[in-house]
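Asker: Pasting a structure here, questions to come.
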Amino acid sequence: MTQTRGSAIERIGAARGDPSLAILTGFHAIKHAVRFGAELRDVVAVDPGEVDALAAQLAPDVADALRSRLQRVDDAALRELTRLPVTGRVVALARRPPDRVGELAAGPGGPDPVVLLEEPRHLGNVGACVRVAAAAGAAALATTGIADPWHPDAIRGAAGLQFALPVGRLESARQVRRPLVAVDPGGEPLRAGLVPAGAVLAFGSERRGLSDELRARAAVTVALPMRPGVSSLNLAAAVAAVLYGLRLSR
Ligand SMILES: C[S@@+](CC[C@H](N)C(=O)[O-])C[C@H]1O[C@@H](n2cnc3c(N)ncnc32)[C@H](O)[C@@H]1O
């Protein structure tokens, strides 16, 4: 570990908005990223000893990779970088893997579903969707619209699990060539057999739900039954319920 300032912080600061790089804030995001193959370029922490101890205790499999890159920075520099309160005490920079979701959505693929988020708005929600897609074994997660699923806030929300499955952006749902399933409160109650293997499961935006165009393109529309009076579930809760419903019914 070296006492340092300057260059690593500058590289991380300059990486905002660079589509080839990922900024990872917090220990768990960095841990997952390394565990799923990310090559770290820089790791900066207010207290490298604290990060080293956490790694030894919670994730010995990634401890060496972290230790070899850890650099000390002062609290103010880190806070300015992350624009976070005193939480985010460790930040790393890694290269993003190439975006393969267009190719995956267009190909026949395997039996695992692909999650498609149509124009999601909240980066925390996008991150929560990535996290559950990784945990439930989805083949990939794609988004349309402006929200970047690799934005630092989405990476934090996903605890770095963008590295565990292909995650990226589609220009449009028209690129999808697999069976397209709309997930919408107005659909048929979800049951085993309704969703074909290898389907793309499309979820709508938080405010507006699915577009008319996407609904019209879907082979089937499925719903999670709800108690009368409840209009919808949170986006990430709906993704979790559908993925685990399918997984447990297999
Ligand atoms: C917060 S909801 C959108 C609510 C929106 N006002 C609407 O009318 O659809 C975000 C997305 O989660 C999914 N969702 C939420 N509750 C659902 C349910 N009960 N059944 C199926 N999908 C649901 C849908 O894909 C929906 O577009």
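The values are calculated or read from the model by the stated rules, or taken from the named source; none is laboratory data. No experiment lies behind these values; they were computed from the predicted model shown. Note: ideal-geometry Cβ built from the backbone for every residue, glycine included; neighbour counts use all protein chains shown.
Asker: Kindly indicate whether Glu206 is of a type in the set (Asp, Glu) and within 8 Å of the ligand (Cβ to nearest atom).
Answerer: Answer is yes for this residue.
Asker: Mind listing whichever residues of the stretch 144-159 are of a type in the set (A, V, I, L, M) and in contact with a helix residue (DSSP H, G or I) (Cβ under 9 Å, 6 or more places away or on another chain)?
Answerer: Ala147, Ala154, Ile155, Ala158, Ala159
Asker: Right, next: Would you point out which residue out of Pro108, Pro120 is of a type outside the set (Lys, Arg), in a loop (DSSP other than H, G, I, E, B) and under 20 Å from Leu210 (Cβ atoms)?
Answerer: Step by step, each of Pro108, Pro120 is checked, and only Pro120 is of a type outside the set (Lys, Arg), in a loop (DSSP other than H, G, I, E, B) and under 20 Å from Leu210 (Cβ atoms).
Asker: Could you tell me which of the residues Ala94, Ala33, Ala38 is crowded, with 19+ Cβ neighbours inside 10 Å and in a loop (DSSP other than H, G, I, E, B)?
Answerer: Ala38
Asker: Let me ask something additional. Would the stretch 187-195 turn up any residue that is among the aliphatic types (A, V, I, L, M), more than 10 Å from the ligand (Cβ to nearest atom) and within 19 Å of Ala140 (Cβ to Cβ)?
Answerer: Within the stretch 187-195 (the criterion being among the aliphatic types (A, V, I, L, M), more than 10 Å from the ligand (Cβ to nearest atom) and within 19 Å of Ala140 (Cβ to Cβ)), the answer is yes, since at least one residue qualifies.
Asker: Return the only residue of Ala218, Ala237 being free of Cβ contacts under 8 Å to residues at least 60 places away in the same chain, within 16 Å of the ligand (Cβ to nearest atom) and either over 29 Å from Arg35 (Cβ atoms) or in the same structural domain as Ala38 (by TED's automatic domain parsing) (or both).
Answerer: Ala218
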